[in-house]
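Novice: Before I ask anything, let me first share the structure, which is written out below as structure tokens.
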Amino acid sequence: MTASLKSKLIEVQQCLGCMHEGTVITSADGTILEATTAAERILETPSISLKGSNIRTLCRGLDVYDEMVRKAVAEKRCLNRSLVVDAAGKRKLVNMSLERVDDSGEVRLVHVFQDCADLRTMEERLLQFERLATIGRFASQIAHEVRNPLSSISLNVELLEDEIGESNAEARGLIRSVLRELDRLNDIVSEYLQFSRFPKPQLKKGQVDAIIHDLVGSWKPPAAVRVEVALMDSSPEVWFDERLLRQVLENLTRNAAEAIETEGAEGVVRIETDVIEKFLVIRVKDTGCGIPSEIQPKLFEPFFTTKARGTGLGLATSQQIIFEHNGHLLVESQPGKGSIFSTLLPI
């Protein structure tokens, strides 16, 4: 492959995000010359096995593919056709475009394609992001409107406490109860404001072990909860924002401890790391009450909560943070058998 064609491959890889777009370059007869890492992932076949084979052997609908080739050769480009391909014996629907490139007198075909399942995932993420942005703007307006009256009420109640003095213990007890509830409302307002100012991650490459050890070292779990840590001997480096990833893990461990307290018995919160395919996995496990299957799909919806005093923003925010890391946040749970929340970060 010539330098100009290699340049074209790099250009295509960089365009639209190489993590999701697979690129295969073939000769005019369909012989595969080059394949990107994303193409290997989508086709579930290593590059060394793809090179030298004919791309037509991967296409289930040859009539559709042949029409795309004819159009690309005649018009230089054919955009966005759905095609079923064979990925290691499995059928996959991909969205493919073709471009003809002349390379030192030789015709080359650049295939750019995306797994439609990935497209659906991206659409879901975009919808989630837009939903959270709308809720964030709404939450910000409400929080600002509520914060000033709350501050005024708190100040006046404190002045009232001073006026009563030490003589009326019952009245002072009622006032302290009011102040505690006002503090709780202020905490909720602060959480809404934090949610509305959702920051973009500042990603740096490194190992997550230090964050986990620091979190466990500074966390004081309830008396009934024992914390265990089981990390890999040598975890791979990933891209992450230290502050935001810690926020996610703090939320997951706190939820895990609360699930054990709800169960009313002693239990274990276990944090462990693992590697599955091309992801580093951070699991937070608990031996708590578990989550009913009908509730699990709603867990990451904003304002959905099973807690008597929850805001329903913790898991929604955590999922969005992990989405911003190009990762996934998954849950596995059975009532009475505890829960596992798995954070997957691309290696």
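The values are calculated or read from the model by the stated rules, or taken from the named source; none is laboratory data. Note that the structure is a prediction, hence the values are computed from the model and not measured. Using ideal geometry, Cβ is built from the backbone for each residue, glycine included, and neighbour counts are taken over all protein chains shown.
Novice: Cβ-Cβ under 6 Å, sequence separation 6+ or interchain: first residue in the range 245-271 and modelled with pLDDT under 90, partner among the β-branched types (Val, Ile, Thr) and not in a helix (DSSP H, G or I). Which pairs?
Specialist: Ile260/Val225
Novice: Tell me, which residue of the range 31-89 that is among the small types (Gly, Ala, Ser) and assigned to a helix (DSSP H, G or I) is nearest to Pro346 (Cα to Cα)?
Specialist: Going through the qualifying residues, I end up with Ala38.
Novice: Further, regarding this structure: Quick test of your reading of the structure: Thr26 fulfils all but one of (1) in a helix (DSSP H, G or I); (2) within 30 Å of Ile347 (Cβ to Cβ). Name the failing condition by number.
Specialist: With (1) in a helix (DSSP H, G or I); (2) within 30 Å of Ile347 (Cβ to Cβ) applied to Thr26, the lone miss is (1).
Novice: Can you tell me which residue among Leu344, Leu299, Leu313 is within 13 Å of the chain's Cα centre (by Cα), of a type in the set (A, V, I, L, M) and buried (at least 17 other Cβ atoms within 10 Å of the Cβ)?
Specialist: Leu344
Novice: Against the definition (more than 19 Å from Asp115 (Cβ to Cβ) and either at pLDDT 85 or above or surrounded by fewer than 18 Cβ atoms within 10 Å (Cβ to Cβ) (or both)), how does Glu67 come out, yes or no?
Specialist: So Glu67 passes the test.
Novice: Residues of the range 60-82 being of a type in the set (Lys, Arg) and either out of contact with any strand residue (DSSP E or B) (no Cβ under 9 Å at 6 or more places or on another chain) or closer than 16 Å to Val94 by Cβ (or both), which ones?
Specialist: Within the range 60-82, Arg60, Arg81 qualify.
Novice: Which residue pairs have Cβ atoms under 7 Å apart, sit 6 or more places apart or on different chains, and have a first residue in the range 39-50 that is closer than 16 Å to Val85 by Cα and a second that is among the aromatic types (Phe, Trp, Tyr) and modelled with pLDDT under 85?
Specialist: Listed by first residue and then by second, the contacts come to nothing, as the list is empty.
Novice: How many of the residues in the range 51-72 are touching a Lys or Arg at 6+ places or on another chain (Cβ under 8 Å) and touching a residue at least 40 places away in the same chain (Cβ under 8 Å)?
Specialist: Within the range 51-72, residues that are touching a Lys or Arg at 6+ places or on another chain (Cβ under 8 Å) and touching a residue at least 40 places away in the same chain (Cβ under 8 Å) number 0.
Novice: Now a separate question. Of everything in the range 234-270, what is surrounded by fewer than 16 Cβ atoms within 10 Å (Cβ to Cβ), in contact with a Pro (Cβ under 9 Å, 6 or more places away or on another chain) and among the acidic types (Asp, Glu)? Give them in sequence order.
Specialist: Answer for the range 234-270, where residues must be surrounded by fewer than 16 Cβ atoms within 10 Å (Cβ to Cβ), in contact with a Pro (Cβ under 9 Å, 6 or more places away or on another chain) and among the acidic types (Asp, Glu): there is none.
Novice: Would you be able to tell me the number of residues in the range 56-97 that are polar (S, T, N, Q) and over 15 Å from Glu21 (Cα atoms)?
Specialist: Matching residues across the range 56-97 total 1.
Novice: OK, next. Given Ser190, Ser196, Ser218, Ser177, which one is out of contact with any Phe, Trp or Tyr (no Cβ under 7 Å at 6 or more places or on another chain), surrounded by 13 or more Cβ atoms within 10 Å (Cβ to Cβ) and either within 25 Å of Gln319 (Cα to Cα) or modelled with pLDDT of 85 or more (or both)?
Specialist: Answer to the check: Ser196.
Novice: Please list, ordered by first then second residue, the pairs with beta carbon atoms under 6 Å, 6 or more apart or interchain, first in the range 147-167 and in the same structural domain as Ser190 (by TED's automatic domain parsing) and small (Gly, Ala, Ser), second surrounded by 10 or more Cβ atoms within 10 Å (Cβ to Cβ) and part of a helix (DSSP H, G or I).
Specialist: The qualifying pairs are Ser154/Leu182.
Novice: Being surrounded by 12 or more Cβ atoms within 10 Å (Cβ to Cβ), acidic (Asp, Glu), at pLDDT 85 or above and out of contact with any helix residue (DSSP H, G or I) (no Cβ under 9 Å at 6 or more places or on another chain), is that true of even one residue in the range 41-50?
Specialist: Yes, some residue in the range 41-50 is surrounded by 12 or more Cβ atoms within 10 Å (Cβ to Cβ), acidic (Asp, Glu), at pLDDT 85 or above and out of contact with any helix residue (DSSP H, G or I) (no Cβ under 9 Å at 6 or more places or on another chain).
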